[in-house]
Amino acid sequence: MTARNGAGSGGNPPEPAPFVIHPHEALVEIATLLERERSSRYKSKAFRAAADAIAGLADEQLRDAASLRRRKGIGDSTFAVIQEALEGSVPSYLADLRERAGVEVASALRSALRGDLHSHSDWSDGLTSLSLMASAGRALGHEYLALTDHSPRLRVANGLSPERLRAQRDLVAAESGGGFTLLWGIEVDILDDGALDQEPDLLDELDIVVASAHSKLRMERAPMTRRLVEAVSNRRVDVLGHVTGRLVQGSRGTRPQSTFDAKAVFAACAATGVAVEINSRPERQDPPDDLLLLALELGCLFSIDSDAHAPGQLSLIDHGAERAERLGVPAERIVTTWSLERLREWTGRER
Ligand SMILES: [Zn+2]
Ligand SMILES: [Zn+2]
């Protein structure tokens, strides 16, 4: 019960304050901003759970504080956020996050992006359902988003067996419509010898294949070069993911880039039409500027991807767009500025 309601002096109760932001929207926006700044996934999860807990409740139900507090999924912080929103203000938790998010990077290139070819759901190591990822992609204005969960060998990330990957197919298809398409894809591990960690026939059926190395990143230069060249020469591969594997900041610490003959690898990408990923995650910023410029010089295509592991991380492509623009990558060379139709011509290309 708010003070406002308690102040009634007979007659009609005063009108509740109009929302500046609805409590449900406030909880979802907080989760989204927490994800974007890549704070603990448990925090974001708690706000998403609270948003689910109040989804569809009528205003009177929301204003019944005692029963709201007892509802499963509502804790102290989420309860406080709901109360502040009900009182007609922007919850302070949200206001702080908005301030921390700071001025958004607005690059001309960002507005030319139509989609994203690298994202994860809770089928592997993502935070939420593929359905929530799809709605977030749609809300961002994307024409397409590729769901690319991990492959079997990446057990720590709950990589998908062929059976589980096949089971995604209809669920992914069901998310498309109204000008948005969820593409069925994979982030397939590049094995030590350059082979891909999934059944070839299954890779053929997918809309998008991103190939990335996640293990033995310290391999010697010659075998690492052979490994990457072998992978991008595989006609099933569309995008070479986070090519150097480096980590430049963040909770996982830092990791140096892999050593390989970048000229040979990018020349192979250019020859086979494989796009070099510009991975937008601030802790990756992969490839580094000098290698990105080399790939540009060698005629490679690029894909600006979020590698989002939560809905709020899809907007990280702002960073990738900013880098690409700063380094002078023409929009035309970035496959994620293309229409879905043109993208499909490219993935179906002869190689
Ligand atoms: Zn990866
Ligand atoms: Zn990934």
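The values are calculated or read from the model by the stated rules, or taken from the named source; none is laboratory data. Bear in mind that the values here come from a model prediction, so they are computed numbers and not experimental data. Neighbour counts are summed over all protein chains in view; Cβ atoms, including those assigned to glycine, are modelled from backbone coordinates with ideal geometry. Calculation scope for accessible area: heavy atoms of the full protein, side chains included, ligands and nucleic acids excluded. Shrake-Rupley method; radii C 1.70, N 1.55, O 1.52, S 1.80 Å.
For the reader, a short list of remarks on this structure follows.
- 301, 145, ranked by accessible area, largest first (probe 1.4 Å): 301, 145
- The long axis of helix 76-86 is offset from the longest Cα principal axis of the chain by roughly 70 degrees.
- Relative contact order of the chain, taken over Cα pairs closer than 8 Å and 6 or more residues apart, is 16 percent.
- If R0 is taken as 25 Å, the Cβ-Cβ distance between residue 100 and residue 153 corresponds to a FRET efficiency of 0.10.
- Stokes-Einstein D in µm²/s, Kirkwood radius over Cα pairs - the chain at 37 °C with 0.692 mPa s viscosity: 152 µm²/s
- If the chain linking residue 55 and residue 248 were pulled fully straight, counting 0.36 nm for each residue of separation and taking away their Cα-Cα distance, it would gain 65.6 nm.
- For segment 229-258, the list of trypsin sites (Lys or Arg not before Pro) that fall in a loop by DSSP and count at most 13 other C-beta atoms within 10 angstrom reads 252.
- Label-to-label distance for residue 37 and residue 333 is 3.5 nm, based on points extended 7 Å past Cα in the beta-carbon direction.
- Segment 167-202-segment 321-346 distance, computed between alpha-carbon centres (Å): 21 Å
- Degrees, to the nearest 10: 92-101 long Cα axis against longest axis of the chain: 30 degrees
- Ranked packing of 22-30, 273-281, most packed first, by mean Cβ within 10 Å: 273-281, 22-30
- Rounded to the nearest 10 degrees, the inclination of helix 23-36 to the longest alpha-carbon principal axis of the chain is 30 degrees.
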